[in-house]
Amino acid sequence: MTSSSPASTTSGSSPSGSSSQGRPVAVVTGGTRGIGLAIARDLAPTHHLVTGGRNADSVAEVVDSLPSAQGLVADLADVAPGGSLLTALDALVPGLERVDVLVHSAGVLRTGTVADSPVQDWADSMTVNLVAVAAITRALLPALRAAHGLVITVNSGSGFTATPASGAYSASKFALRAFSDALRQEEREHGVRVTSLHPGRVDTDMQRELVEFEGAEYDAGAYLDVASVVRAARLAIDAGPDASVDMVSVRPRGWRPAGA
C-alpha cells in the first residue's frame with residue numbers, strides 16, 4: 001500500500017457485514033508480498049481477510065486466492081485529508097463491525113547516510129512507516145474495541161538499534177515502537193492488545209534491496225525464513241484476549257548484537 005494507485009476497495013468473497021460465515025476479521029497491510037502475505041495466508045483458513053497492497057492487480061490476485069477476502073488499495077504516502085489513504089478507509093470502515101486482528105506490515109526502506117539522504121527519504125519513511133499506521137489504527141479502533149482485538153506492528157531490529165546508513169528507516173521504527181507502547185497503554189481499558197513484533201533480517205524482497213545497497217552477496221540461508229516470523233506473530237494471535245504479548249523479538253540463529 002505504498003504506490004500512487006488510486007484509493008479503492010476491491011472485493012473477492014467480500015462479506016455483506018463485518019465477517020463471512022461468522023469468521024473473525026483480520027486486516028493486513030502490505031499483504032501482497034513478504035511477511036504481510038505470509039501472515040495473510042496463515043490466517044486465511046480461519047479469518048475473513050482485508051488485504052492491503054499498493055497495486056490493484058496484485059491485491060486482486062491475493063484476494064482471489066483466499067477463501068474469504070476483500071482488498072484495500074491505497075497510497076500510504078498520501079495521508080492528507082481527502083487523499084488516497086483516508087478515502088480508502090472511509091470506504092472500508094462502514095462495512096467492518098469488528099476487527100479481531102490488525103497487522104501493520106506495509107513499509108518502506110530508505111537507505112543512506114545523514115549527509116547523503118535527501119529530506120524526502122526522511123519524510124517518506126516517517127509517513128509510510130508511522131503516520132499511515134496511526135491513521136489506519138485510528139480509523140479501525142471502534143471495530144478493534146468491539147472485538148477486543150489485537151494490533152501487531154511489524155517493526156524491526158532497527159527499532160532498537162540504529163546503524164550507519166539506516167538513519168531514516170531506524171528513526172521511523174523507533175517511532176513505531178513508541179507508537180505501539182502508547183497505544184497499548186491507551187487501549188488497555190478497551191480490551192485492545194498491542195504487540196510490537198521485531199524480526200531481525202528476513203529473507204524477503206526488502207532484504208535483497210538492502211543487501212544490494214550494502215554491496216554484499218545475498219545468502220538466503222543467513223536470514224530468517226518468513227515462516228519463522230509468522231510463528232512469532234502467531235504467539236500473540238493465539239495468546240487469547242486475556243493475555244497481552246507486548247513485544248516479540250525474533251532473530252536469525254547466528255545473529256549477534258553489534259560489538260559482541
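Figures for the structure shown
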{"quantity": "The range 31-70 - residue that is within 15 Å of the chain's Cα centre (by Cα), of a type in the set (Gly, Ala, Ser) and in a strand (DSSP E or B) and, of those, farthest from Leu109 (Cα to Cα)", "calculated": "Gly52"}
{"quantity": "Lone qualifier among Ser180, Ser125 - being in contact with a strand residue (DSSP E or B) (Cβ under 9 Å, 6 or more places away or on another chain), modelled with pLDDT of 95 or more, assigned to a helix (DSSP H, G or I) and of a type in the set (S, T, N, Q)", "calculated": "Ser180"}
{"quantity": "Members of the range 216-234 found to be part of a helix (DSSP H, G or I), at pLDDT 70 or above and more than 16 Å from Ser180 (Cβ to Cβ), listed by number", "calculated": "Val226, Ala227, Ser228, Val229, Val230, Arg231, Arg234"}
{"quantity": "Any hit, the range 98-111, residues being under 30 Å from Ala162 (Cα atoms), of a type in the set (Ser, Thr, Tyr), modelled with pLDDT under 95 and crowded, with 20+ Cβ neighbours inside 10 Å", "calculated": "no"}
{"quantity": "Residue among Gly52, Gly22, Gly36 that is on the phi > 0 side of the Ramachandran plot and modelled with pLDDT of 65 or more", "calculated": "Gly22"}
{"quantity": "Residue count for the range 242-251, restricted to those that are touching a helix residue (DSSP H, G or I) at 6+ places or on another chain (Cβ under 9 Å) and assigned to a loop (DSSP other than H, G, I, E, B)", "calculated": "5"}
{"quantity": "Selection count where residues are under 19 Å from Thr127 (Cα atoms) and out of contact with any Phe, Trp or Tyr (no Cβ under 9 Å at 6 or more places or on another chain), scope the range 171-190", "calculated": "8"}
{"quantity": "Residues (in contact with a helix residue (DSSP H, G or I) (Cβ under 6 Å, 6 or more places away or on another chain), in a loop (DSSP other than H, G, I, E, B) and farther than 18 Å from Ser156 by Cβ) located in the range 183-202", "calculated": "Val192"}
{"quantity": "Single condition Arg208 does not satisfy, out of (1) modelled with pLDDT of 95 or more; (2) surrounded by fewer than 21 Cβ atoms within 10 Å (Cβ to Cβ); (3) under 24 Å from Ser228 (Cβ atoms)", "calculated": "(1)"}
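The rows are residues; the columns are (1) assigned to a helix (DSSP H, G or I); (2) under 17 Å from the mean Cα position of the chain (by Cα); (3) under 26 Å from Arg231 (Cβ atoms).
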{"site": "Ala135", "(1), (2), (3)": "yes, yes, no"}
{"site": "Leu140", "(1), (2), (3)": "yes, yes, yes"}
{"site": "Arg145", "(1), (2), (3)": "yes, no, no"}
{"site": "Ile152", "(1), (2), (3)": "no, yes, yes"}
{"site": "Ala165", "(1), (2), (3)": "no, no, no"}
{"site": "Ser170", "(1), (2), (3)": "yes, yes, yes"}
{"site": "Phe174", "(1), (2), (3)": "yes, yes, yes"}
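The values are calculated or read from the model by the stated rules, or taken from the named source; none is laboratory data. All values reported here derive from a predicted model rather than from experimental measurement. In this analysis, Cβ positions are derived from the backbone assuming ideal geometry, glycine residues included, and neighbour counts consider all displayed protein chains.
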